[in-house]
1. Restricting to the stretch 170-216, what's the tally of residues that are farther than 26 Å from residue 46 by Cα and among the hydroxyl-bearing types (Ser, Thr, Tyr)?
2. Tell me whether the stretch 143-158 contains one or more residues that are open to solvent by 40 Å² or more (accessible area, probe 1.4 Å) and over 30 Å from residue 35 (Cα atoms).
3. Identify, from the list 115, 161, 208, the residue that is assigned to a loop (DSSP other than H, G, I, E, B), closer than 19 Å to residue 57 by Cα and out of contact with any Lys or Arg (no Cβ under 7 Å at 6 or more places or on another chain).
4. Report whether or not residue 87 is open to solvent by 10 Å² or more (accessible area, probe 1.4 Å) and without any contact (Cβ under 8 Å) to a residue 24 or more places away in the chain.
5. If you go through the stretch 194-210 one residue at a time, do you hit one that is exposed (fewer than 15 other Cβ atoms within 10 Å of the Cβ) and of a type in the set (Gly, Ala, Ser)?
6. Look at the stretch 90-105 and say how many of its residues are surrounded by fewer than 19 Cβ atoms within 10 Å (Cβ to Cβ), in contact (Cβ under 8 Å) with a residue 24 or more places away in the chain and in a strand (DSSP E or B).
7. Can you tell me which residue is farthest from residue 154 (Cα to Cα) among those in the stretch 12-43 that are open to solvent by less than 50 Å² (accessible area, probe 1.4 Å) and modelled with pLDDT of 75 or more?
8. Of the residues that make up the stretch 78-86, is at least one over 12 Å from the mean Cα position of the chain (by Cα) and either within 30 Å of residue 174 (Cβ to Cβ) or part of a loop (DSSP other than H, G, I, E, B) (or both)?
Amino acid sequence: MKRLLVKLGLTVMALGTLGGVVAPSISASAAKKPTINNTDLKRYYKNAKSKTAFYFKTYKSGGKTGSLLIFGDFGSTPNVKYGVPTSTKLSKNRQTLTTKYKLIQFKTVDKKTTTSLTKKTYTFKLTKKSSTKFTAKIAGTKANRRLATTGKTYTYTKTKTSPAAAYGKKYVKPVLYKEYMKAFDSLSAANQKKFANQYANAGVKTMTNNFNYKVK
């Protein structure tokens, strides 16, 4: 849990070396069934049952434009994962967007954080069911949960605003508070609650900031 209070070192990323893939340009369709459009790729996706949320973030660096896939797990093992899309493909019926991506790995040695990409390429599909409802699958357990083509299917709600603050307060804080209550069990009851609450709030803030990552 302590790692949630540590900055992930994203400011040291050499964005120009990560091979960012620009989100595809998608035209509106007159088809009866809902189809994915450009606006969909500029929104957040949240699911309360899985306690997860994700979105594509477009950035500009050094005159180049690229994108990041940011996945927030607000469940029992809170964490934020950053992926670099390597390819995106829209299905013929324009209802499903298939994204292949590599996760960004962080390594800290002597207080210096470096980044690299996983050798493995992951894939997930985002399928539009209605104007605000989409489906995607989550694979893995605990800290290894991620967007995938296997695993359990969840229905995500599209939203204009980031759900990070609300999800952090509702789901992450109770988890952190419980952990810190154990960590401070040697203190008086009053100080135990005081510090547990203080550190839990700090953890929620860090989690929220990491999800709402701003490229520098």
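1. 3
2. There is at least one residue in the stretch 143-158 that is open to solvent by 40 Å² or more (accessible area, probe 1.4 Å) and over 30 Å from residue 35 (Cα atoms).
3. From the options 115, 161, 208, the qualifying one is 161.
4. no
5. Yes: the stretch 194-210 contains one or more residues that are exposed (fewer than 15 other Cβ atoms within 10 Å of the Cβ) and of a type in the set (Gly, Ala, Ser).
6. Selection size over the stretch 90-105: 4.
7. Filtering the stretch 12-43 for residues that are open to solvent by less than 50 Å² (accessible area, probe 1.4 Å) and modelled with pLDDT of 75 or more, the one farthest from residue 154 (Cα to Cα) comes out as 37.
8. no
The values are calculated or read from the model by the stated rules, or taken from the named source; none is laboratory data. Just so you know, these numbers come straight off a predicted model, no measurement behind them. Cβ: placed from backbone, ideal geometry, glycine included. Neighbour counts: every protein chain shown. All accessible areas refer to the heavy atoms of the entire protein, side chains included, with ligands and DNA or RNA removed. Shrake-Rupley method; radii C 1.70, N 1.55, O 1.52, S 1.80 Å.
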